[in-house]
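Worksheet: one structure, shown below.
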2 protein chains.
Amino acid sequence: MPPHVQKEVDRFAAFLQQQGLKLTAERAALVREIFSTHYHFEADELLFKMKEKAVKISRATVYRTLELLVKTGMVRRVHLGEDHYHYEHVTGNSHHDHLVCTTCGSVIEFHDAWLEERQREICKKKHFTPTFHNLQILGVCETCKRKGEQPDAPDRVKMIQVAAMQLRK
Amino acid sequence: MPPHVQKEVDRFAAFLQQQGLKLTAERAALVREIFSTHYHFEADELLFKMKEKAVKISRATVYRTLELLVKTGMVRRVHLGEDHYHYEHVTGNSHHDHLVCTTCGSVIEFHDAWLEERQREICKKKHFTPTFHNLQILGVCETCKRKGEQPDAPDRVKMIQVAAMQLRK
DNA sequence: TCGCAGTTGAGACTGAGTCTCAATCGCTTC
DNA sequence: GAAGCGATTGAGACTCAGTCTCAACTGCGA
């Protein structure tokens, strides 16, 4: 296990203790899984990965643990243009936005201070007090564009759909 | 019926005819309802309104008609920070973004050419070909801020939830 | 050993949205 | 006005991400 993963487990344990909660084997396994491989992921995808690794964890526990991780601020719940949530690691406390490739599902992050500042100005002009914002730019990434239209190329989006379907059986 | 509503009905009829489809009584009623009152709305809210007015239209027809309206470009499907879709009128063909009040559910639209230009620059830098973008700024609107925290004030969000629940019974 | 709060998994439930299918509509042709 | 036919409809089953419930289990302190 990479050292940064252990650090995240410890961070979560500290938060749990502070709340009078416990770092159970299930919770630790989920945190390890989340922080060792996936940067952006879906709840069902995570559930499937755990099943693959023969770690028995129920759907309810996955969602419960994700909720706790969101509360600690270690994970963020985001909308990436699909009709369900995605989750992502929070590194430091830097806010960022997303370029989402609608062909392969890959996500490029970016942060632009100028964009943020302009948004604050707009809110001020409209007498609106912002608490959070959410910007996704949908389109086609460099790799997919170069590949051109290969309609049946196995992509991440499809793989997740298939995995989720098998899981429910 | 306000004259601009009839204009929208006619616009929809023209599109349908062009596609070899018909402007049925149900479709016309939905377009009239959408364009006479709601600016931003949810599918279930629309279904409830029709039921209230004793216009018998099924859930399937509502979704089918919304899909057609999206295809014509008269209506746009948007995410406003909740876990389901919202719909909005498209006036002309101006793209815009949203300030969403998390207290009362009201939506303020804005358009900022500078913001759009900056986004294009970011995409270019990341070799990403954008097709669409989606920016919501969540926060508190002027009215709600002035009212302060009135936790049990009947707001639009709650009203829609109650209506949707009654509808399913 | 007991009590008890926290935790778990299985599976029922929810709610927005989609799909299916038989019945109906409305137009054209005879 | 009857027949033919494609478009349309409503009812309700279905899907799927996410939530909730509940009985069983765990681990710790008294």
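Just so it is clear, none of the values below were taken in a lab; they were calculated from the coordinates. Treat the numbers as computed from the prediction; the structure is a model and nothing was measured. Cβ coordinates were reconstructed from backbone atoms using ideal geometry, including for glycine residues, and neighbour counts include every protein chain displayed.
Take the residue pairs A:K147/B:K125; B:K56/B:K145; B:K22/B:K56; A:K22/A:K56 and return only those whose Cα atoms are more than 30 Å apart.
Working: A:K147/B:K125 19 Å; B:K56/B:K145 40 Å; B:K22/B:K56 18 Å; A:K22/A:K56 18 Å.
The pairs that break the limit, which is 30 Å between Cα atoms, are B:K56/B:K145.
Ordered shortest first, which distances in nm separate the 7 Å Cα→C-beta label point of A:A28 from those of the other copies?
7.0
Considering only chain B, pick the residue with its Cβ nearest the axis of the rotation onto chain A, and state the distance in whole Å.
Spelled out, residue of B and its Cβ distance from the axis onto A: B:L135, 2.
For A:P2, which inter-copy label distances result when the label point lies 7 Å beyond Cα on the Cα-to-Cβ vector, reported in nm to one decimal and in ascending order?
From this label point to the equivalent ones elsewhere in the assembly: 5.5 nm.
About the Cα centre of the stretch A:1-81, what is the dipole size in debye to 20, counting +1 per Lys and Arg Cβ and -1 per Asp and Glu Cβ, all else neutral? Don't skip to the end; give the middle numbers.
Working: 14 positive and 9 negative charges, 37 e Å.
So the dipole magnitude of the stretch A:1-81 works out to roughly 180 debye.
Taking 22 Å as R0, compute the FRET efficiency from the Cβ-Cβ separation of A:Q6 and A:K71 and round it to 0.05.
0.60
Considering the options A:H84, A:C104, A:P130, tell which one lies farthest towards the positive end of the dipole of the stretch A:81-130, charges being +1 on Lys and Arg and -1 on Asp and Glu at the Cβ, about the Cα centre.
Of the options given, the answer is A:P130.
Using modelled backbone amide H atoms (1.01 Å from N, in-plane), which distant-in-sequence or interchain residues come within less than 5 Å of A:H133's amide H?
Under 5 Å from the amide H of A:H133: B:L138.
Say each of B:H96 and A:Y63 gets a label point 7 Å from the Cα, pointing the same way as Cα to Cβ; how far apart are those two points in nm?
3.6
If the only charges are +1 at each Lys and Arg Cβ and -1 at each Asp and Glu Cβ, what is the size of the charge dipole of the stretch B:27-154 around the Cα centre, to the nearest 20 debye? Spell out each step's value before the answer.
On the way: 19 positive and 18 negative charges, 104 e Å.
Roughly 500 debye, rounded to the nearest 20.
Within the stretch B:15-109, list the trypsin sites (Lys or Arg not before Pro) lying in a DSSP loop whose Cβ has at most 13 other Cβ atoms in a 10 Å radius.
Values: sites: B:K22, B:R27, B:R32, B:K49, B:K51, B:K53, B:K56, B:R59, B:R64, B:K71, B:R76, B:R77; in loops: B:K22, B:K53, B:K56.
Passing both the DSSP loop test and the Cβ count: B:K22, B:K53, B:K56.
Roughly how crowded by other chains is peptide B:73-81, in terms of the mean Cβ count from those chains within 10 Å of each of its Cβ atoms?
Working: counts 0, 0, 0, 0, 0, 0, 6, 1, 4.
Mean number of neighbouring Cβ atoms from other chains: 1.
How far apart, in nm, are two points set 7 Å out from the Cα along the Cα-to-Cβ line at A:R120 and at B:K22?
5.9
Give the whole-number value, in cubic angstrom per residue, of the convex hull volume spanned by the C-alpha atoms of the stretch B:1-137. The partial results should precede the final answer.
On the way: hull volume 19.3 nm³, N = 137.
Taking only Cα atoms, the stretch B:1-137 has a hull volume of 141 Å³ per residue.
Place the label 7 angstrom along Cα→C-beta at A:S58 and in each other copy, then list the distances from the first to the rest in nm, shortest first.
Label-point separations across copies, in nm and ascending: 3.7.
Given a Förster distance of 22 angstrom, what is the FRET efficiency for B:H84 paired with B:A113, based on the Cβ-Cβ distance and rounded to 0.05?
Numbers: r = 30 Å, r/R0 = 1.38.
It comes to 0.10.
Show me the GluC sites (Glu not before Pro) within the stretch A:56-122 that DSSP assigns to loop and that have at most 16 other Cβ atoms within 10 Å of their Cβ. Intermediate values should be presented prior to the final figure.
Details: sites: A:E67, A:E82, A:E88, A:E109, A:E116, A:E117, A:E121; in loops: A:E82.
Taking the stretch A:56-122 and a limit of 16 other Cβ atoms within 10 Å, the loop GluC sites (Glu not before Pro) found are A:E82.
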